[in-house]
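Below is one structure, written out as structure tokens; the observations come after it.
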Amino acid sequence: MSKTCKVTYLDHSGFLLETESRYLLFDYIQGELPSFTYEKPLYVFVSHVHRDHYSRKIFKLENSCRKVTYVLSFDVKEADSAWKKADDVHIVDYNKKYQIGNLQIETLKSTDEGVAFLLLTDGLSIYHAGDLHWWEFSDREESRNQENIRNYKTEIRKIAGRRFDIAFVVLDPRQGEMGGKGMDLFLSEVGARYVFPMHLWGRYDLIVDYKSKNQLKYVTSQIMDIRYPGQTFELVL
């Protein structure tokens, strides 16, 4: 039997998923949120404390749904105390497994800060990279580039062979030609039914460019064409 899921792109790395039983909100910093069904629980995820992934405004969502649960990376706890005012907070570390109600959560270690999330809910498998990515820059010290590359490969190997229903993967324009290498490795080693590029800094043209350059190498039709904040995707899985 097919399952359905609604995905709303909010901005940058922020997405809202609505499954049959719950809302899942990732790395929300800005963008207009759709109206919530009050009885459906809301889970708010923060991959790390950087300001393009974390905003205190998430704690103003307490009254949006009957039940709001926060799942925060360990570095959020260390850097900010705003979470202490929330009613239901879970602090997660990297390379761990957690069970929150009937939501299964795994984490990977980011190659920048915090964690990446792997979720299983309503029969759907979901991956949100946070800042787990192939961070290589032409103007950065080569030893640092190589360390980041090794660390990214190490984390991706932990999930090699797994295929997710929905994945949110970094595609960063600041890296120039190297910006697609993290996506390359994810598609070749892992993969997903639907892949949402993120961390684009508004450069949605990079999605079209990446797909056109790699259509003979990967099945790029599963990469979703994000064009603007607020765009909604109705997925059938």
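No lab work stands behind these numbers, since they all come straight from the coordinates. Since the model is a prediction, treat every value here as computed from it, not as a measurement. Methodologically, a virtual Cβ is constructed for each residue, glycine included, from the backbone with ideal geometry; neighbour enumeration extends over all protein chains shown.
Describe numerically, in nm with one decimal, the distance between label points set 7 Å from Cα along Cα→Cβ at Asp80 and at Gln231.
2.7
Mind listing the long-range amide H neighbours of Tyr23? Cut-off is under 5 Å, sequence gap 5 or more, other chains count too, H placed in the peptide plane at 1.01 Å from N.
Sorted by chain and number, the residues that satisfy this are Leu42, Tyr43.
If you scale each eigenvalue of the Cα gyration tensor by 5 and take the root, what three semi-axes come out for the chain, rounded to whole angstrom and sorted largest first?
The answer is 27, 21, 17 Å, longest axis first.
How big is the shadow of the Cα convex hull of segment 98-216, averaged over all directions, in nm²? Let's see the in-between values first.
Values: hull surface 31.4 nm².
The directionally averaged projection comes out at 7.9 nm².
Checking the cross-link filter: which lysines have an alpha carbon closer than 24 Å to that of Lys211, excluding same-chain neighbours under 8 positions apart?
Lys6, Lys153, Lys181
With +1 on each Lys and Arg Cβ and -1 on each Asp and Glu Cβ, how big is the dipole of segment 18-130 about its Cα centre, in debye rounded to the nearest 20?
Dipole size: approximately 280 debye.
Among His50, Ile91, Tyr23, whose Cα sits farthest toward the positive end of the charge dipole of the chain (+1 at Cβ of Lys/Arg, -1 at Cβ of Asp/Glu, about the Cα centre)?
Highest projection toward the positive end goes to Tyr23.
GluC sites (Glu not before Pro), restricted to segment 9-110: which are DSSP loop and have at most 13 other Cβ atoms within 10 Å? Before the final figure, lay out each step's value.
Numbers: sites: Glu18, Glu20, Glu32, Glu39, Glu62, Glu78, Glu106; in loops: Glu20, Glu32, Glu39, Glu62.
Here the GluC sites (Glu not before Pro) that fit, given the DSSP loop and packing criteria, are Glu20, Glu32, Glu39.
Magnitude of the Cβ-charge dipole of segment 4-236, K/R +1 and D/E -1, about the Cα centre, nearest 20 debye?
400
Gap in Å between the Cα centre of segment 94-165 and the Cα centre of segment 1-64?
19
Which distance in nm do the two modelled labels at Arg66 and Ser143 give, with both placed 7 Å along the Cα-to-Cβ direction?
5.7
Go through Gln104, Leu118, Thr220 and say which Cα lies farthest out towards the positive end of the charge dipole of segment 4-236; charges sit on Cβ, +1 for Lys and Arg, -1 for Asp and Glu.
Of the listed residues, the answer is Gln104.
Quick one: net charge around Tyr23, please, counting Lys, Arg +1 and Asp, Glu -1 for every other residue with C-beta under 12 Å from its C-beta.
Result for the local shell: +1.
Could you point to the residue in Ala129, Gly202, Gly161 farthest towards the positive end of the chain's charge dipole, with +1 and -1 charges on the Cβ of Lys/Arg and Asp/Glu respectively?
Going by the Cα projections, it comes out as Gly161.
Check cross-link reach from Lys67 to the lysines: straight Cα distance under 18 Å, and skip same-chain residues fewer than eight apart.
Straight-line reach from Lys67, under 18 Å: Lys40, Lys57, Lys84, Lys85.
Report the residue, chosen from Phe196, Phe117, Phe59, that carries the largest GNM mean-square fluctuation when the chain is represented by alpha-carbon nodes joined by springs under 10 Å.
For the chain, modelled as a Gaussian network with Cα springs under 10 Å, the answer is Phe59.
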